[in-house]
Amino acid sequence: MKNIEFTKEQKMHIVYKIKHYFNRELGEEIGQFDAEFLLEFFGKEIGPYFYNHGLQDAQGAMDSQMDTLKEVLYTMEEPIA
């Protein structure tokens with residue numbers, strides 16, 4: 001699986017959110033390096049679960065749309081005498 005590439009601004013924002021979460025929820029201050037390391041770890045180890053779930057959701061939405069299209073096409077058929 002290809003790694004997700006973030007812009008510098010996106011990465012800075014995500015790292016800020018990680019640092020803020022640790023401070024707010026755990027009462028711990030972590031440094032920039034540790035937050036970047038966590039981001040990389042989560043992306044590599046947990047990211048595929050989110051990615052696969054997104055694909056499954058997309059497939060379900062596509063299947064639903066295809067069912068609707070099949071119904072529409074069925075109603076368009078001309079009767080054969």
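FYI, it's all coordinate maths here, none of it is from the lab. Bear in mind the structure is a predicted one, so any value in this text is a computation, not a measurement. We place every Cβ from the backbone using ideal geometry, glycine too, and count neighbours over all the protein chains shown.
General remarks:
- Tally, over region 24-55, of residues that are closer than 18 Å to residue 5 by Cα and among the basic types (Lys, Arg): 1
- Identification of helices (runs of 4 or more DSSP H) wholly contained in the chain with 3 or more residues that are surrounded by 12 or more Cβ atoms within 10 Å (Cβ to Cβ) and in contact (Cβ under 8 Å) with a residue 24 or more places away in the chain yields 8-26, 32-45.
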